[in-house]
1. Given a Förster radius of 56 Å and the C-beta distance between residue 523 and residue 92 as r, what FRET efficiency does 1/(1 + (r/R0)^6) yield to the nearest 0.05?
2. Would you work out the charge dipole size for the chain about its Cα centre, treating the Cβ of every Lys and Arg as +1 and the Cβ of every Asp and Glu as -1, and quote it to the nearest 20 debye?
3. Would you work out the relative contact order for the stretch 48-156, in percent, from Cα pairs under 8 angstrom that are 6 or more residues apart?
4. Considering only protein heavy atoms and a probe of 1.4 Å, how much of the accessible area of the stretch 394-525 is carbon and sulfur, as a whole percent?
5. Over the Cα atoms of the chain, what is the Rg over Rh ratio if Rh follows Kirkwood?
6. Calculate what fraction, in whole %, of the accessible area of the stretch 293-339 sits on carbon and sulfur atoms when a 1.4 Å probe is rolled over the protein chains.
7. Note down the nm distance, to one decimal, between modelled labels 7 Å out along Cα→Cβ at residue 367 and at residue 247.
8. Say the cut-off is 21 Å between C-alpha atoms; which of 184/257; 248/535; 140/257 go over it?
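The values are calculated or read from the model by the stated rules, or taken from the named source; none is laboratory data. Small disclaimer: the values here were computed from a predicted structure and weren't measured. Cβ sites come from the backbone with ideal geometry, for glycine too, and all protein chains shown count toward neighbours. With ligands, DNA and RNA removed, areas are computed over all heavy atoms of the protein, side chains included. Shrake-Rupley method; radii C 1.70, N 1.55, O 1.52, S 1.80 Å.
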Amino acid sequence: MNKKKIFMVVLLMAVLALIIYSIAVPVNTGDTEYTSAAYSTVFALLPPVVAIGLALITKEVYSSLFAGIITGALLYSNFNAELMMNTMLFNEDGGMVYKLSDSWNVGILLFLVLLGILVALMNRAGGSAAFGTWASKHIKTRIGAQLATMALGVLIFVDDYFNCLTVGSVMRPVTDSHRVSRAKLSYIIDATAAPVCIIAPISSWAAAVTSSVPEDSGINGFTTFLRTIPYNFYALLTLIMIIFVTLKRIDYGPMRKHELNAIRGDIYTTPDRPYKDNEQTVFNHKGKVIDLVLPVIVLIASCIAGMVYTGGFFEGEDFITAFAASDASVGLVLGSFFTLIFTFFFYMLREVISFAEFMSCIPEGFKAMISPILILAMAWTLSGMTNLLGADVFVAGLVAGSASALKALLPAIIFAVGLGLAFATGTSWGTFSILIPIVINVFPNGEMMVISIAACLAGAVCGDHCSPISDTTIMASAGGQCSHVNHVATQIPYSLTVAAVSFVSFILAGFIQNVFIVLAIASVMMLTVLFVIGKVTGYEPVDKTDSE
């Protein structure tokens with residue numbers, strides 16, 4: 001009997017044992033509130049650990065996420081099969097059916113589909129090909145292609161979802177022509193999504209942070225957010241890192257293999273190429289740069305308008321207040337839908353595609369987004385299982401217990417805890433909404449409050465950046481059209497490098513409490529670490545396009 005058959009037999013026996021156990025020991029909830037034995041214990045973190053560990057080991061994301069979901073449902077149900085199935089599918093706080101019926105989540109999925117349709121239209125109309133041709137004349141090197149991708153990512157700071165898909169759609173033809181690996185493209189997209197949004201005063205993230213400050217604290221949430229920006233070492237150092245590794249041609253870890261292969265002509269490296277069939281092979285030669293640029297500009301403007309509309313801007317609220325109160329999910333759907341209508345009339349008037357071609361792009365764009373939609377649905381469910389097990393309560397208890405004894409080190413502790421919680425749950429917004437009230441209870445005002453909140457935001461973004469089950473990580477894979485597992489495996493060493501320097505910086509900040517001094521020290525440390533890494537690992541060979 002081969003290993004595969006042995007595995008199947010063992011799995012079947014485990015399922016039968018679970019069914020027998022469920023029949024013999026049924027769950028009796030009675031009239032009391034049901035509680036899992038794993039609630040608010042270290043086992044609450046087991047489901048994401050299982051999912052992430054399996055994904056990195058097996059290189060297969062769907063089965064890994066499903067295994068994590070089953071683990072969480074089993075723990076929540078105290079290993080009762082009937083309750084496990086009901087929890088996994090129908091629990092109102094974490095089941096897959098309810099996650100997929102949540103209006104916010106459905107809005108994000110619809111936004112994904114609309115963006116997929118727009119990308120398909122730009123390809124069919126020849127806009128993407130025309131932009132790639134134009135860019136190849138003006139962006140002549142691999143270094144230039146990477147820096148241009150970063151610059152566009154910084155400019156599109158409104159929302160991380162919007163950032164990931166837009167930057168990927170615009171810059172993918174450019175980076176492909178300069179032989180930048182899809183893994184590196186996805187890393188740059190991801191590193192200029194959440195890390196940029198968390199230091200942008202006008203973004204959906206600023207609104208989320210502002211709303212996380214308790215109303216009865218007497219603290220102005222938006223003003224406090226502005227004060228945290230120079231202390232957000234992870235976000236700022238990530239941008240420094242992108243520039244330095246690009247200019248000095250430093251790559252390490254799995255990314256180095258991907259980049260060296262890309263220079264030789266293979267931008268994928270691995271056989272796993274889930275988006276290859278979606279790439280445009282026949283271009284419309286009538287297309288011009290305006291066929292890509294104008295829809296993107298309209299998309300940016302209409303998404304911003306849609307977001308402030310949901311916040312009451314057209315009902316008399318000022319722009320900042322409206323943005324802070326906006327509903328990003330609704331605003332992005334409104335903006336992308338308006339852009340789709342505009343693009344239809346624009347392309348029809350320009351006669352770059354026919355009506356039949358336009359309509360054929362609708363299912364084509366939907367099919368292109370099936371992979372990220374599946375991953376998102378399972379990631380949301382896994383996050384729901386983790387929350388049902390009280391992972392947030394467990395982590396909050398750890399932080400509250402250590403706060404009084406280690407006040408000077410609290411920023412560094414908050415950063416590490418925020419990183420771990422966001423990595424495990426895949427949500428940075430949920431992470432800082434839990435930790436910010438704890439920070440304010442310990443430091444009601446003053447510079448230490450600002451530093452600690454900044455540490456909370458930095459840790460949440462770092463964990464979100466690393467996590468395979470994070471929405472933004474999934475979107476970055478989709479935007480760069482890179483295998484999700486490849487994207488995660490290649491960017492984690494980069495993220496952890498910045499995280500290590502940020503952790504030390506928050507230790508210094510707890511004692512020095514001067515943003516200018518600490519930020520200068522942090523920047524020097526970051527550059528020194530990268531310089532040493534470059535000396536140890538070596539530099540990429542100079543590509544012939546870089547020497548022209």
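1. After rounding to 0.05, the efficiency reads 0.75.
2. So the dipole magnitude of the chain works out to roughly 2080 debye.
3. 10 percent
4. Roughly 74 percent, rounded to a whole number.
5. Ratio of gyration radius to Kirkwood radius for the chain: 0.98.
6. Roughly 72 percent, rounded to a whole number.
7. 4.5 nm
8. The pairs that break the limit, which is 21 Å between Cα atoms, are 140/257.
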